[in-house]
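The values are calculated or read from the model by the stated rules, or taken from the named source; none is laboratory data. Computed from a prediction, not measured in an experiment: that's the story for all the values here. For neighbour counting, all protein chains shown are included, and Cβ atoms are generated from backbone atoms with ideal geometry for every residue, glycine included. Remember, those area values only see protein heavy atoms, side chains included, never the ligands or the DNA or RNA. Shrake-Rupley method; radii C 1.70, N 1.55, O 1.52, S 1.80 Å.
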Amino acid sequence: MTHHQMWRDEYFGHEEFQIICKVALQLAFKNAPEKMQPFFKPCITECWGALYKKGDFTRSHDHWPAIWSFCYYVNVSKTCAPLRFPGAELSIKPKNGLMILFPGWIEHSVPKQKNDHHRIMVAGNISQDLNLHEKA
């Protein structure tokens, strides 16, 4: 896993992460309740990359107090481990180029990676801009 501030210029300006974060911010704003859109100013609070090798997994967790969390799949195969939402009994198979936006308080996990293909993805969190965090 990379550090959690990959989109910031002071960390060598990782342009690829900045592009992914901008798309995530657009989705967050577009999916905010219409009556809240005039007041909702989303900002990235964290963004990191992760590489899952065979046997790697992520335990069930949430990203509270983030309003939204996102996953973007950079390089995966059809047999890579899915993103699971146990409370909803939902499992989403990763696909290259797929971005998933979900409420930050929702528990999610990734079961063990069973194949030898590296599951490469970018994840992040979005909150309300209170001038506490930099924007992407």
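Considering only residues of segment 107-136 that are farther than 21 Å from residue 14 by Cα and among the acidic types (Asp, Glu), which is modelled with the lowest pLDDT? If we take residues in segment 107-136 being farther than 21 Å from residue 14 by Cα and among the acidic types (Asp, Glu), then 129 is modelled with the lowest pLDDT. Tell me yes or no: at least one residue of segment 75-98 is open to solvent by less than 40 Å² (accessible area, probe 1.4 Å), closer than 21 Å to residue 15 by Cα, touching a strand residue (DSSP E or B) at 6+ places or on another chain (Cβ under 6 Å) and part of a strand (DSSP E or B). The answer is no, given that none of the residues of segment 75-98 is open to solvent by less than 40 Å² (accessible area, probe 1.4 Å), closer than 21 Å to residue 15 by Cα, touching a strand residue (DSSP E or B) at 6+ places or on another chain (Cβ under 6 Å) and part of a strand (DSSP E or B).
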